[in-house]
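The values are calculated or read from the model by the stated rules, or taken from the named source; none is laboratory data. Small disclaimer: the values here were computed from a predicted structure and weren't measured. Backbone-built Cβ (ideal geometry, glycine too); neighbour counts: all protein chains shown. Ligands, DNA and RNA are stripped out before the accessible areas are found, and what is left, the full protein with its side chains, is counted by its heavy atoms. Shrake-Rupley method; radii C 1.70, N 1.55, O 1.52, S 1.80 Å.
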Amino acid sequence: MMTRSLILAFIIAGTAFAQSGYRIAADQVVVDSRTHWQSWNFPPGVLDLGSSGTVQPRSLRRDINAVGDIVANLRARPPDGLKKDPEDIVLADAILGGARSNVAGVENLFDGDMTTYWEPDPPTEELDLSTQWWFIVDLGRLVMAKKLVLKFVDEELGDPFLQFDLLASQGNIPKGNQRSPTPEFTTILRTLKPNKEQRVFELVTNSESTFAGAGMRFVQIIITGSDFDRGREVSLAQYEALPASDQGAIEFYKRQADGSETVVSPEIYELLTAEQQGPIRYFQRERPRLAELEVWTEGDEILTGALARGGYGTATQTAAINNLIDGQIESKVQFLYSFGRGSFKDPEGIVFFDLGAFYWIDAFRMAYGGSPFKDYRLDFSDGSLEADGSLKWTTTGTRQTSAPTAVGSKWESETNLRFGTYEGNDFERVKARFFRLVWEQVESATARGGATGQPSEIQLYGQGYHPEVALTSNLIRLGGSRNLLSIEWDADTPPGTSVVLQTRTGNELDEVLRYFKKDGTEVTEAEYNKLLSIFRGDTIGEEVAGGDWSDWSAPYEDASGSPITSPSPRAYLEVRAVLRSDTPDYSATLRSIRLNFTNPVAQGLSGEVTPFAVEQLGQSQRFSLYVRPQFAAGDPGFDQLLVVAPSDMRLAFEGVYGGPAAALATDVGADWALEGAEVVPTAGDSLQVAFSAIDPSSEVEVVRLDFSTALFSTGAVLQASLQHSVEGEGGWQRVDPGEAVAEVVSNTTTLVGKVASGPLVQAVSVEPAVFTPNGDGINDEASFRFTVVKVGDDSPVEVLIYDLQGRLVRRLAEQRALSTGAYGIAWDGRDEQGVAAPPGVYLARLRVDTDTEGSQIGNAEIFRTIAVAY
């Protein structure tokens, strides 16, 4: 057994493999190839990775030919008798044939090529033909077969079978022969007369049923009749032109006196007179060649892959729940129902499945291995939660023995083709991640005895692209501590689709051990320790995110370049991409991701603002932002500080200082002012200050920036960052909230407003109170100045002018991305039609067009008077 140290050394030496999910080019992490995406983590079977490096959710299919997925299904659930590792399973493992049946050629039946075929080997005369010319195909799982199609080669390539039987089996072991290597079959097609012309046979199963289909896993073909070397009569010229392998029998005929003809041997024929010699007939050898076998089924089944995708199943009654999704009819489960109240704690029995991914689902099928349920219902959930935190469920159908009902469609229960009992329901499409089947396990307080339901297989079907797929990068090593700047991506997002990217970062890695049995099966540590030494396999150490890693960031919005919001600088990174769609007909396509980084100005930047609690909204006051750098030797340092506030705030520079933390925690004077400080012009909601560079050799412990502003909402996040204008080449490094100065009690860069009842419109002034809009340039306009506070959306702000009869004269409005802030709205004395208003007193209604009912935040409007004079 490989030692733990050796395995860990192997992992460390395999760093290039660990980076296969990305590449680093200059100062970028790049993900743009199929090889990269293959190393990311996502549920198997939910994504299509294009050769050009595209990523797209896989589309679930309906009405598919099941033979195309045989190998994939065998690998997912290898049969008990197949002693192979899943990755070594090939199509030949699904085929069983007779002693003279050319087993290898059966694979040609599934390649979609009408020029390749299965032809049985020449038979042995001593044995019955039907014991030699046959084969069985294992479809890899139980399918709902709607149609079986046999396609024989074209006439120039061969012949159809003269007579044959088509059989199918759902996988039941023959009664009385539990060791039989073959399951119990039922004949579903038998040719009753020789066939020379028909080259396509289609068998539709249960066409009269609400859901067409018969459960089957195995298909068998037995050839029962052949013309062998007398397949087709040809002329002498045609015969001589045939390859030797296709030249069949030659028959010599003696002409009898009554005109009839009798076959004789060539030797006898030569002795006959010319009058006695009849015709010589030539035959082409029969070439029984089947080109294609198709088994058309409901579609891609969802539940059978749930465990591989990371999903799971549970039940309220003790049961081997995985038997319901293993593709085998024999592995049934028994549930109890219709018992008395004292038999179970809960009145309802539940089978629950996490599907391991999101799907659009519109069909349900269930196969029974014994007695059916009396009634049950089908519930689906997309993960949305009720108020109590439980899953929110949508019922798509209710099965009742006396009166089956369903949402959007009919319900069907069928015992078909002697295969067994199946039930199905088609319903209106739902988006789902979770499914449950619910039945009444307690019927009444007086019920006695009860009954059992014995389902063998539950199947779900849908159609269209996955509504949501998440994929996560492997551990991205940045080669040291790096300042993360921005993330950009290239994607196609048709209407109703989106690509959402998030990041998380850290500096620490932990190691987890994974335990394996000798056969490669992963087990828990407890299970591993219980194994005998001869059954123990490798113990492998794996590096995972450590305890200092951040949570996933908020989703990034700008595909052309969004600033990284995860903590930075950091040495390690993970990226998560979520592809979403509101419709099954379209999906997003992700092509590449690029993440830009640079060397940090410092190993860490911690900042806090004081005071962080604001008593009065809308009034300007002074604040101090403290920033403490954590330098390492070689860090370039910084010479610029940038603070960005919400768009409704205006920042005014008051001073910038640097020195010991204790000194800067109190009022400071010119002694600690940074040299060369100047304000760099920016937008009003940001403040950028340049100063002489501060680096590891400087004696600056903390930088303090003083500024004044007014807070208009209940909270505002100040985003601070530093850069070295030369060394950093424009790369800003974010300041993380945290303790910068011990004497300051804040640890945050967020301003918090005191929540109190009060008007949304404050500090109102009307200047002048009387104005004369006569065009002389003096007092031609009245200005309404006020502030709006505590509104966190883009609600319009209005000034409505009324005359004293209550008629609206003019509506003046301004709408911003964020409604809070200071306003100045002017009225020129004219009405909505541009006509000068008559002199007199008018009522001005200043309001925010927002809903404040029940919010307890005060009135959204205020009134003032204004006079017009000429």
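Where in the range 201-274 are there strands (runs of 3 or more DSSP E), lying wholly inside it, with at least 3 residues that are farther than 30 Å from Asn425 by Cβ and open to solvent by less than 60 Å² (accessible area, probe 1.4 Å)?
On the way: elements: 214-225, 232-234, 247-255, 261-264.
Hits in the range 201-274: 214-225, 247-255.
What residue, among those in the range 341-387 that are among the aromatic types (Phe, Trp, Tyr) and outside any strand (DSSP E or B), is farthest from the chain's Cα centre (by Cα)?
Phe344
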Seminar exercise, completed: Among residues of the range 767-802 being open to solvent by 40 Å² or more (accessible area, probe 1.4 Å) and aliphatic (A, V, I, L, M), the residue nearest to Ala710 (Cα to Cα) is Ala769
Exercise. Can you tell me which residues in the range 780-802 are modelled with pLDDT of 90 or more and either part of a loop (DSSP other than H, G, I, E, B) or on the phi > 0 side of the Ramachandran plot (or both)?
Worked result: Asp780, Glu781
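Residues are listed down the side, and each one gets a yes or a no for (1) modelled with pLDDT of 95 or more; (2) crowded, with 20+ Cβ neighbours inside 10 Å; (3) among the acidic types (Asp, Glu); (4) on the phi < 0 side of the Ramachandran plot:
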| position | (1), (2), (3), (4) |
| --- | --- |
| Ala319 | no, no, no, yes |
| Val333 | no, yes, no, yes |
| Lys345 | no, no, no, yes |
| Gly356 | yes, yes, no, no |
| Leu378 | yes, yes, no, yes |
| Thr398 | no, no, no, yes |
| Lys410 | no, no, no, yes |
| Lys431 | yes, yes, no, yes |
For this session: Restricting attention to the range 28-85, report how many residues are open to solvent by 50 Å² or more (accessible area, probe 1.4 Å), assigned to a loop (DSSP other than H, G, I, E, B) and basic (Lys, Arg).
Result: 4
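Could you go through the range 531-545 and let me know if any residue there is of a type in the set (Gly, Ala, Ser), more than 30 Å from Leu590 (Cβ to Cβ) and surrounded by 15 or more Cβ atoms within 10 Å (Cβ to Cβ). If you could, list the steps in order and put the result at the bottom.
First, pick out the residues of the range 531-545 that are of a type in the set (Gly, Ala, Ser): 533, 537, 541, 545.
Filter again for more than 30 Å from Leu590 (Cβ to Cβ), leaving 533, 537, 541.
Going one step further and asking which of them are surrounded by 15 or more Cβ atoms within 10 Å (Cβ to Cβ), we end up with 537, 541.
Taking every residue of the range 531-545 in turn, at least one turns out to be of a type in the set (Gly, Ala, Ser), more than 30 Å from Leu590 (Cβ to Cβ) and surrounded by 15 or more Cβ atoms within 10 Å (Cβ to Cβ).
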For this session: Show the residue pairs that are 6+ apart or on different chains and have beta-carbon atoms under 8 Å apart, the first residue being within the range 813-824 and more than 14 Å from Thr714 (Cβ to Cβ) and without any contact (Cβ under 8 Å) to a residue 40 or more places away in the chain, the second being in a loop (DSSP other than H, G, I, E, B) and open to solvent by 60 Å² or more (accessible area, probe 1.4 Å).
Result: Gln815/Asp794
Exercise. Which one of these does Val848 not meet: (1) at pLDDT 85 or above; (2) open to solvent by 40 Å² or more (accessible area, probe 1.4 Å); (3) within 30 Å of Val717 (Cα to Cα)?
Worked result: (2)
For this session: Might you let me know whether the range 291-303 holds any residue that is closer than 23 Å to Phe364 by Cα, touching a residue at least 40 places away in the same chain (Cβ under 8 Å) and out of contact with any strand residue (DSSP E or B) (no Cβ under 7 Å at 6 or more places or on another chain)?
Result: no
Seminar exercise, completed: Residue hits (the range 276-304; of a type in the set (S, T, N, Q), assigned to a strand (DSSP E or B) and either touching a Pro at 6+ places or on another chain (Cβ under 9 Å) or within 30 Å of Leu460 (Cα to Cα) (or both)) are Thr297
Exercise. With the range 633-704 as the region, which strands (runs of 3 or more DSSP E) entirely inside it contain at least 1 residues that are open to solvent by 30 Å² or more (accessible area, probe 1.4 Å), more than 30 Å from Gly824 (Cβ to Cβ) and not hydrophobic (A, V, I, L, M, F, W, C)?
Worked result: 686-694
For this session: Please work out if Asp138 is assigned to a strand (DSSP E or B), charged (D, E, K, R) and in contact with a helix residue (DSSP H, G or I) (Cβ under 6 Å, 6 or more places away or on another chain).
Result: yes
Exercise. Under 19 Å from Tyr586 (Cβ atoms) and not polar (S, T, N, Q), is that true of Val67?
Worked result: no
